[in-house]
Amino acid sequence: MRLFVVCVCALVFCRSAAAQAPGRFPPDSLVNVKVIPRTTPVIQVVGIMRNFAFGLGVRCPFCHVGEEGMPLEQFDFAKDEKRTKLVARQMMRMVEEINRRLDTLPHGSDHVHQNVEVTCATCHRGVSLPLPLFQLMIDAATAGRADSAIRLYRALRARYYGHDAYDFGEGSLNTAAFRLGRAKRFDDAFALLRLNEDLFPGSTGMSVFRGNIQLMKGDTAAAAAEFREAIRRDSTNVEARGRLRGIGRAP
Ligand code: HEC
Ligand code: HEC
């Protein structure tokens, strides 16, 4: 009996020693989890981690200490060294909170789906920084000029078109241009609209945007020309007609 107890102790000691030592993947046990319950099977944790990586379009070293291409046994998954891992832990708490609140929605309405669960991918959609495309365009044009925003747009489009990471519809560049116009960055705004015109030639809505930005700039004649162009592109464009009347010009 005494021998048996000693054996069990030795076994427990070995197991915990192995858990600390790097060199096993999946690890034998969890070391430094603060949100995931400690009793969660390790293999399930690895599944959660794959979902994180997929949801954010990144790989393990984005959050963990280790290099791309290195065997997973050599990673130090328990270490809290990278800012991104700390952010991710806060995000996990945030997602738990969101899902708790979703559970409190009054049911019985057509708009409330049962069993909807918010995950990392709900917001991230395959990118680590889940900002709308128009925001990235404004930031790039403000930090540099329209050229840098346009380079970024083309790079993102080449990489993400057909994925739901970014909205490459006409609206994104229109919105970015409008906000840049409000910040009095007119050249940058028009440059983004020129790119948009290449991508969506003949859009009536875009002519209205151009007209509105001409108005912000104080060029009423150029604005009127844009609103007339919008009507030429689509005679039913009531917004363009309203704008023309608003600035005292007949459609
Ligand atoms: C977006 C950031 C992020 C990515 C990407 C990520 N992880 Fe994690 N990982 C975390 C966080 C945060 C924790 C700690 C969770 C907690 O505190 O409950 C963690 C914990 C772990 C643990 C448990 C470590 C311990 O303390 O015992 C393992 C193992 C792990 N990750 C493996 C992986 C693997 C393998 C990948 C790639 C497929 C990966 N992770 C990708 C954020 C990430
Ligand atoms: C409700 C929307 C939402 C959900 C759900 C969400 N995130 Fe985020 N996440 C954001 C936003 C917004 C940012 C940008 C925050 C900032 O930089 O100010 C962000 C940033 C991050 C970053 C930092 C990226 C960087 O490059 O700095 C990490 C890592 C991250 N999230 C991980 C996760 C993980 C893991 C999950 C799932 C457990 C998750 N997020 C779920 C909205 C979300």
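The values are calculated or read from the model by the stated rules, or taken from the named source; none is laboratory data. Quantities reported herein were computed from a predicted structural model and do not represent experimental measurements. Cβ coordinates were reconstructed from backbone atoms using ideal geometry, including for glycine residues, and neighbour counts include every protein chain displayed. With ligands, DNA and RNA removed, areas are computed over all heavy atoms of the protein, side chains included. Shrake-Rupley method; radii C 1.70, N 1.55, O 1.52, S 1.80 Å.
Structure notes:
- With the biggest extent put first, the Cα atoms of region 131-246 measure 42, 28, 20 Å across the principal axes.
- One way to sum up the overall shape of region 23-122 is the equivalent ellipsoid from its Cα gyration tensor, whose semi-axes run 30, 14, 12 Å, largest first.
- By average C-beta atoms within 10 angstrom, highest first, the peptides 170-179, 141-150, 88-97: 170-179, 141-150, 88-97
- Shape category assigned to region 177-236 from the gyration tensor of Cα positions, a/c cut at 1.5: oblate
- The charge dipole of the chain, taken about the Cα centre with unit charges on the Cβ atoms of Lys, Arg (+1) and Asp, Glu (-1), comes to about 440 debye, rounded to the nearest 20.
- In degrees, nearest ten, helix 42-56 long axis to first principal axis of the chain (Cα): 10 degrees
- Counting charges near I231 (Lys, Arg +1; Asp, Glu -1) among other residues having Cβ under 15 Å from its Cβ returns a value of +4.
- The calculated Kirkwood hydrodynamic radius for the chain is 22.8 Å, given to one decimal from all distinct C-alpha pairs.
- Non-local Lys pairs in the chain, i.e. 8 or more apart or on different chains, that have alpha carbons under 28 Å apart: 4
- Per residue solvent-accessible surface (Å²) - region 131-246, probe of 1.4 Å: 51 Å²
- Just the protein heavy atoms count here, and of the accessible area of the chain at 1.4 Å, carbon and sulfur take up 57 percent.
- Two-site label geometry, M94 and V31: point separation in nm, points 7 Å out along Cα→Cβ: 2.8 nm
- The chain: angle of helix 204-217 to the longest principal axis, Cα-based, in degrees nearest 10: 80 degrees
- Average silhouette area of region 59-110, convex hull of alpha-carbon atoms, in square nanometres: 5.4 nm²
- The C-alpha atoms of the chain define a longest principal axis, and helix 2-20 lies at about 30 degrees to it.
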